[in-house]
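Heads up, the thing below is written out as structure tokens.
The values are calculated or read from the model by the stated rules, or taken from the named source; none is laboratory data. This structure is a prediction, so every number in the text was calculated from the model and none was measured. Positions of Cβ are backbone-derived with ideal geometry, glycine not excepted, and every protein chain shown enters the neighbour counts.
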Amino acid sequence: MSLLITNIKELLQVRATTSLPLRGEAMNEVPSIKNAFLLTTNGRITAYGAMENIPENYRDYEIIDGSDYLIGPGYVDSHTHLVFAATREKEFQDRINGLTYEEIATRGGGILNSAAKLAGMNEDELFKDALTRLELLNSLGTTTVEIKSGYGLSLQAELKMLRVIKRLKQETNLHIKATFLGAHAIPMAYKNDRKVYIDLIINEMLPAINKDQLADYIDVFCEKNYFTVDEMLQIITAGKSYGLKAKVHVNQFNVIGAVTAAVKVDSVSVDHLEVMNPEDYNALAGSNTIATALPSCSFFLGIPYAPVTDMISRNIAVALATDFNPGSTPSGNMNYVFSLACIKMGMTVEQAYNALTINASHAIELQDEVGSITVGKRADLVFYKDIDSLATIPYHFGHSTIHKVMINGKFK
Ligand code: NIG
Ligand code: FE
């Protein structure tokens, strides 16, 4: 089954090869073709080019007219917590009234609040709500998503979350990666015995997850009042023994040496990075670890934005993601992340777009499948309407310029 899109106003992010993430100056270029065609066959991109070079026999394919559209690859959201039981607008109001995220968490709010709600929710309902959120994200241009557990914090509830993610993988056509985040917070019951909870993660949760192949990655929230650097390393090492590579939450509020430690054990990505010191930059520069910034979390919590331009100038590979979750980022809109990256973090339009697409695909090791218009990759396409340039997407902050989204060569 083939589909030909003709007369595309501009085809964005066309790349012959994407085996390495973009760094430094290369982040400033988004290769594109004006007045282009694109052919999909059986859900894959099979050819593209300028209209003047379109082969004569292509006229026989089913044709869509692309003259109204800028077309680019689907967004890759490499960091979300989109399976959750309830929103937390009460905490939002508490923050408006002057409490900090950390103060709310110390009073039993935050992650533990979400875990209490999730414990009481049945798996089908959890799935249904997550599916609705996923469909919303998809309409906003996201076609590939990483989803974390971490609101379970018990063997049964972590497995429940991961089964929901597995079902989302099976019952939707989005590309999904699952991350086990049992080390998201120490449950109240283990407050004075944290070692017992860490042992539970390592000796009970991980083997059960491995048995049913429920996770692709392992994550730890390495932060004051959550997990120490040594605990993170212990958990990453245990994950590795089951074939799970690490993607970790580090440097959200405090610098505690987590970046250097995570890079040393070959983490695929380190995420957040709102606060950085020279040692962190040095560890990341020259490593293969992707630095993932989450500007809508900074926006929502009113905390510093990750200093991404300093990272780019040091040749660190930067990606952008939403961090969609009920506590720190109740939004999964990559278009808004695009705007914030430009407006608040000083990224150029090209740097931000590369961070949302191709570098994000590297942050979940799907660079051979998604993140660019490349022959052989999935035909996951975003159709932007009534705009003339890439810059118009972040310019319309808070709006969506997206008219339709294709996954595997098919519209919804
Ligand atoms: O990435 N920082 C840790 N985890 C989430 C927030 C979780 C929550 O507040 O529910 C984050 O911001
Ligand atoms: Fe997160």
Taking the condition within 18 Å of the chain's Cα centre (by Cα), within 16 Å of ligand 2 (Cβ to nearest atom) and either more than 22 Å from A262 (Cβ to Cβ) or of a type in the set (S, T, Y) (or both), does S339 pass? no
Is it the case, given these coordinates, that S139 is in contact with a strand residue (DSSP E or B) (Cβ under 8 Å, 6 or more places away or on another chain) and either over 22 Å from T322 (Cβ atoms) or away from ligand 2 (no atom under 16 Å from the Cβ) (or both)? yes
When I96 is evaluated against the numbered criteria (1) of a type outside the set (S, T, Y); (2) closer than 18 Å to G371 by Cα; (3) out of contact with any Ser or Thr (no Cβ under 6 Å at 6 or more places or on another chain), which criterion, by number, is the only one it fails? (2)
Residue within region 117-131 that is within 16 Å of ligand 2 (Cβ to nearest atom), over 22 Å from K247 (Cα atoms) and without any contact (Cβ under 8 Å) to a residue 60 or more places away in the chain present: yes
Cross-chain or 6+ apart pairs with Cβ under 7 Å, region 86-97 first and of a type in the set (G, A, S), then more than 16 Å from ligand 2 (Cβ to nearest atom): A86/K117
What do you reckon, is V337 assigned by TED's automatic domain parsing to the domain that holds I407 and not in a loop (DSSP other than H, G, I, E, B)? no
Quick one: which strands (runs of 3 or more DSSP E) sit completely within region 265-330 and have at least 3 residues that are under 17 Å from Q351 (Cα atoms)? 290-293, 318-320
Just checking, does region 216-228 include any residue being free of Cβ contacts under 8 Å to residues at least 24 places away in the same chain and not charged (D, E, K, R)? no
Could you run through region 258-278 and say how many residues are free of Cβ contacts under 8 Å to residues at least 60 places away in the same chain, of a type in the set (S, T, N, Q) and within 13 Å of ligand 1 (Cβ to nearest atom)? 0
